[in-house]
Each structure stands twice: as structure tokens, then as C-alpha cells.
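The block underneath contains the structure these notes are about, expressed in C-alpha cells.
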């Protein structure tokens, strides 16, 4: 009976990687509809090493990893394992070569209503070679011993849906080892874990490493990367910037590499006199958000920055009543408001441009006109009847004001480009009585032209004495547009920086858990 | 070549349903001279009037992105209850109209409660209600159809009878137009105006178009979803009362066949004039298509048990056109 994880106890025989084997990606090129995502990237991971892959959002890390796991096909370049060029056309190819990924969203890879055993031994159970009858006794034992190999015990008969997040992660790792993984990608594995659970994960990673598995470790958290990784590779704008031994580099150098020195986009910041406080939040908490105080004044643009997963979107949704807050109070112009639903927020004078544009911001099957009037229709109707002329007039005026590129206000919004869709999503709030505008990653997936239109629009809102909360993980953007910057980390605002004192380096330092 | 093929498809997409109706009517009138007479046309319209009521209800639930399977049972319920008000309890206009309407509103509210508040998927919640309401109407009528002079349990005869004004709703005529046809036209016109020209109508569509975006735009989406289920049950209830008036009997289980026809009409309606979404006018055309087919097949003496084959085929074709177009749109 083969128990692959027996190899974990220092015995390398089973994995068959006696000499130092390696996986190399050479000159990988990938484009998405003409836009280069990867420009000739070289990346290597050796057996028995933990290699960190770092980069800001959009640097190309996930694209590179998706090529390695067969989710995408590269447009150019080659992948070489132990000196032999291999072809990875599908996730099956990658698996056959021993490449496994422990995804951040563990639930997408597990079957919730099957037992721990079934999930760990999934391949074995579904493989054609397995006999028709299951020897459950034996399978459960096998799963148990695999978990024990890692020094853990999860009741193997338990359903996966009853497992905690860290247990699910462990199940995924166990499955990867059963499937004879030689290279394992960890995609932000500690993002959902507590400190204690993270420590346990590091122990497991260490065991895998000792067993000769090559590990690619993606994370935004610099302290842990410097704690467990042997080498660090930094990517930026689809290119490899530097690969260095962890011992030979510093956090500052890594941050510098991630951000780059020249960021030549122009952010037209309009100086506006800042007035009275409009919105105040006290100890707002719920879900990922663990007690946030903040305030926004008239004419002020407050940037809320943090890495992906820091809780920015969750905070925005709490302040908009889209999710129920567990604690905290929100005051608008000194008056406390109860936010049980987005309608309460809209009635009180708060507008939100949500992060997931297509899912939450716009109605793709409806016209530009219907999208733009959705939040103001109560004003534009008479005895319940829509005043169609007024509605069309408003739509035309907004299209002009926003610079939406559309043939006609009757055009379905689904046909517009991402940038123009975003302008429509913003536009529906402009004629409401909103006093506070919240933008959650408003420039995500938006071209440069539309980006500067959006910045200009936000500047105009500030000129009109509105308060703006700008949630983003694009530090350069926030530096350009915000009067004040709040840095979030793990659901809390860990630092407030004035426009004068903020730099990308300082933001990155606090956003990745620096004290 | 490519361009020509596409425009042909666009034509089918926009006018296919209407074209099929015209072709079918031409075919039937060629084979039977009686088909294209005023009497037969009003007959067809009268025969579809009740299904149209139910189908418009279904259309409302589809508009908010839901589904209401319980409409057939609601039809049965109000048919039996309105008949019993007159035949068993000798009630006048007020109780005969109000009691069934209130009952259907309650059905709608319970549906809304299950779907909107408890968050049971719409198909399952309304499936449960299909059973419950069907069982209620069977229990209430003890499984007997209700008609004048029917024997009661104690051996006596039922005291009341169907009243003239009630029968007039289902059988009467104004200027040689059947009353149920007039009522149907009225309902189609009113709901069409409501959905197209009023704020509430627009909000119903926005809610169904993207629930989360609608919620985040400040629309009280749960209120609109509740409204849709209540209206769905209400129109089904009115349809049931009309059915009792038309046949002069409170027939048990009379609504069970209505569900599928109503759903078919509403879905055929997606494709009418290329709307691509549920709409009242399309639903009406869908109901007409089904009515024309049934009427023609009856005249051709086709065996009635084969009707469902034709109905199913028409539905599949209409859906194929709608969903093919949807896929093309997504790709574009």
C-alpha cells in the first residue's frame, strides 16, 4: 500500500527527486486581446525551496501561475521540468506533471458534502482503475495516516462543509501530496487564517519543503515571506524585476521593486477648501471589518487603501448598509443614521459605486437611459408615471457630462466598454441628493482615458462640497487624488497619513503589516 | 453570405412568433372554411382569456427574476371558492368577489414570504405551495365539483345557484364581443401600461435584471419581489373566478392544466418582437398562439392527446430562438 506522505518524514525515495530537480518558465509571453499581460518572464522554482512571487495587483503573478496550472495557454515561451520541455495545455496536464495549486478560495476546489477522506483521495476514488466497490475502512485509514504525516488529525468521516477554513486548506494540501505533487503553488494562503493557523501552515510548508517539494508562495505579507521563503521574485507590469536570495535583500528593496520608481500618470488634483464633517463612523464592525473609525469632510477626498483582502470592500458595504453591521454608529451631518439596507443609505444621502461593476453596479441588459435613471426615477415621475421626456433629457445630459461613449441613450449598457460602463455606474448617483460618494476600486479594468475622466469627475464632486471616500489598492492613484489616506490592514485602519507625509513606500509598509 | 444568414435570424427572432401565428392561421383557414370567421376568432380569444390572466401573473414573477408554479392551484382554489360562495352559502356580489380575491392575495403573500424572507429558491417554494393550495381546494370541496342543485352531504340539495351577473362575466357579450375577451384586453392594456410607463413597472424590471445592482441602487427590492408574487397570485385568482363564470361550475382541479399553458405563453412571449425578456404583450401573443393551435387542431380532428406534442414543440422552438439570441448577445 502506497502512502506517499511517508516521504514527509525525511525519506525522499517516493518523490523521486533525488537530484535537485527544477521547474523553469522561460520567456513566457501572454496577451489578452492585444494588451500584454506578461512580457517574456523567466521564473524558476527548485525542488525543496520556497520561492516567493511578489507584485502589486495586475503585475502578472496570477496570469503566470494560471499558465503553469494549465488554466491559460501562453502565447510564447516554454516550460522546462528537469531539463525536458513540457507542454501544459490543460489543468490535467499540469496535474500529471505534479503541479498543484492550493487556491485562496479553497471552497472552489473541494466538494462540501463529501467527507474529508473522499476529498483527499478524490483522484483515487474517481480514477478508472479503482474497483467498483469501495473499501471505506481502508480509505479512511489511508486519509487519516496522510493527515497524521503532517502531524494533524481531522475526523476523516466529517463532511468538508463542517471543516474550518484552515482545515480545508490542509485537506487541499493533503490531496496535492496524494496526487504526487512535486511543485505546489500557494496563492495567498494566509489571507483568511488567524496568526495561529498561519503558524501551523508554515510548519506544513516546511515539511513539504523537506520532502523535496518545490513551493511557489504568493502573498502580500512581507514579514511572513521573509520568514519562510528562500528566494524572492518580484514582478511588475508583466515583467520580472528581480529574483534574489531572501538573505541578500531587504523589505525596502522588495517594496521599491514592486512599486517601481517612475509612475508617470498625471493625476489632476484640484485643491478644494475643506469644510465641516459630513460623515462620521464610530467603531463600525462586521465580517472582516474589526472596528473602524473614520470621518469625511465637505470637499474632502479620503483614500482608504490596503492590499487585496484588507477589508476595504467590506467596509464600504457596511457604510452603505449593503451588509449588516455588527457594531458601530454612522452619523451624517451630526445626525445618526440607521443603515439596515442600501435604501436607508441612499435616503440619507450616501452613494456607492461598487467594486464588481457588472455584478453590482450596472444592468447590462438595460439601456444607458434606464441605468442612469434608476436612482432618481422617484423624482422624475408624476403620479407614478415616468416622465419619459425628462428622463431622456437627463440621460443625454449625463452622457455628455460624463463623456460616455455611446451611440445612443437606448444602447444596452452591456455593449459599452468597461470604462464607459463605469461612468454609467457613477452617473446614476450624480443627480441624486447624495452628500457622500463612495468609490470602490473605480478604475479596475478601465482604460487610461476613462481613468482620467473618472478622476476629474471625482475632483468635481469635491468642488461641489461633497465628501468622497475612495477605496483602492492602487497606491499611486490614491496618492494622486486623496487629501488624506487611511491605510487598512486585516480589517482595521492601522495608520492615517496626510497627503504631505504619504509615499507609496510608507503605504506599502503599513498595508503589509509593518508596525 | 454570412450577413444574409444573420439578418434572416434577426427576422425570425423579431417576427418569428407572429409569423408562425399568421402561417398557422392561413393553413387552418385553407383546410377549414369555418376557421377564419368572426365567431371562431372570438371563440379562440374567449378560450385563451383565462390562460392569459394566469400567464400575465406568471409574467410578473418572471420579470423580477422569479417563478411562480403555484398559479394553477390558485386557479382551482378561486374557482371552487367563488362557486361555493353562491351555491353553498347563497352569498351576493360582495362575498363572491372578495373572498376568492383575498384568498389569492394570501397565497401570493405566503409565496413572497417563503421566497423573499425565508429565501427558499422560487421554484421549490412555489412547488410546495402548488401542493398546499391544491390540497386546500380539494379539502374544501371534498373533491366534488360545485354546481347548482348539487347534493349536499346531509342529503339535501345545495341551496344556491350561479347568479346571472357572475355568469355574465364568463359568458356575456357587449356589442357581440364576449365579456371575458374584453376583460382580457383590459388587463393586457393596463398591465402593459403599468410595466412600461410607470416607475413601479420599471423598478420591477430593474429588480429582475440585476438584483444586487438594484439593491445597491437603493431600490427596495424585497418589496418589489413581494409585489410581483402577490400580483401573480391575484391574476391567477381572477382567472379562476372567470373560469367558474365561464363553465358555470366550480370544477375541481380545473387549474392544473393552466400552469403549463401559462408558463409556455409567458416564455413564448420572450421572443415576440425580439423583446428578449418577459413582457405582457408577448405573453398575450404567446397565449394566442397556443389558442390558435388548439382550435385548429380540434377542427382538424387531431386526437386531443397529441396536442401536448405540438404545444411542447412550439415552446421549444420559441425558447431556442430566445436563448440562441441571448448567447449571441453575450458574445458580442
In whole angstrom, note down how far apart the Cα centers of segment B:251-311 and segment A:92-144 are. 48 Å
Pairs of Cα atoms under 8 Å, at least six residues apart: use those to get the relative contact order of chain B, whole percent. 33 percent
Between 0 and 90°, nearest 10: helix A:448-463 axis offset from chain A longest Cα axis: 50 degrees
Express in whole angstrom the spacing between the alpha-carbon centres of segment A:326-354 and segment B:13-63. 51 Å
Between residue A:417 and residue A:203, what is the spin-label point distance in nm, taking each point 7 Å from the Cα along the Cα→C-beta axis? 5.4 nm
Cα-based helix-to-principal-axis angle, A:195-210 vs chain A, degrees rounded to 10: 40 degrees
FRET efficiency for residue B:148 and residue B:301 from the Cβ-Cβ distance with R0 = 25 Å, rounded to 0.05, comes out at 0.15
With Cα atoms, 0 to 90° folded angle of helix B:38-63 axis to chain B main axis: 80 degrees
How long are the semi-axes of the equivalent ellipsoid of segment A:363-432, taking √(5λ) for every eigenvalue λ of the Cα gyration tensor, in whole Å from largest down? 20, 11, 10
Cα centroid separation, segment B:130-205 to segment A:372-391 (Å): 35 Å
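Give me the one-decimal Kirkwood hydrodynamic radius in Å for segment B:2-331, with the sum taken over alpha-carbon pairs.
Details: mean 1/r = 0.0484 Å⁻¹.
It works out to 20.6 Å.
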Modelled label-to-label distance, residue A:400 and residue B:256, 7 Å Cα→beta-carbon offset: nm? 6.3 nm
For segment A:160-210, what does the convex hull of the Cα positions come to per residue, in cubic angstrom? 77 Å³
quick note, segment A:385-515, DSSP beta bridge pairs, % antiparallel (nearest 5) is 55 percent
Full-extension gain between residue A:84 and residue A:134, please, as 0.36 nm times their residue separation minus the C-alpha to C-alpha distance. 14.2 nm
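Given N residues in segment A:104-239, what is Rg(Cα) / (2.2 N^0.38 Å)?
On the way: Rg = 15.9 Å, N = 136, 2.2 N^0.38 = 14.2 Å.
Expressed relative to 2.2 N^0.38 Å, the Cα Rg reads 1.12.
So, R0 is 25 Å and r is the distance between the beta-carbons of residue B:171 and residue B:27; what FRET efficiency does that work out to, to 0.05?
0.25
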How large, in Å, is the protein assembly as shown by the Kirkwood hydrodynamic radius built from its alpha-carbon pairs? 31.4 Å
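Please compute the contact order of chain A in relative form: average sequence separation of alpha-carbon pairs under 8 Å and at least six residues apart, divided by the residue count, as a percent. Write down the numbers at each step before the final one.
Details: 1013 pairs, mean separation 78.9, N = 515.
The normalised contact order for chain A reaches 15 percent.
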Calculated FRET value between residue B:131 and residue B:105, using beta carbons and R₀ = 25 Å, to 0.05: 0.80
Under a plain spin-label model, where a point goes 7 Å from the Cα along Cα-to-Cβ, how far apart in nm are residue A:26 and residue A:463? 5.6 nm
Relative to the present Cα-Cα distance, how much length would full extension add between residue A:335 and residue A:408 at 0.36 nm per residue of separation? 22.1 nm
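Which of B:88, B:168 has the fewest other C-beta atoms within 10 Å, and how do the rest follow up to the most? Each step should come with its number before you reach the end.
Working: B:88 17, B:168 13.
Listed from fewest to most nearby Cβ atoms, that is B:168, B:88.
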Out of all DSSP beta bridges in chain A, what portion is antiparallel? Express it as a percent rounded to 5. 55 percent
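Rule-based calculations on the coordinates, nothing more; no lab input. Everything numeric in this text was worked out from a predicted model, so none of it was measured. Heads up, the Cβs are rebuilt from the backbone with ideal geometry, glycines too, and the neighbour counts pull from every protein chain shown.
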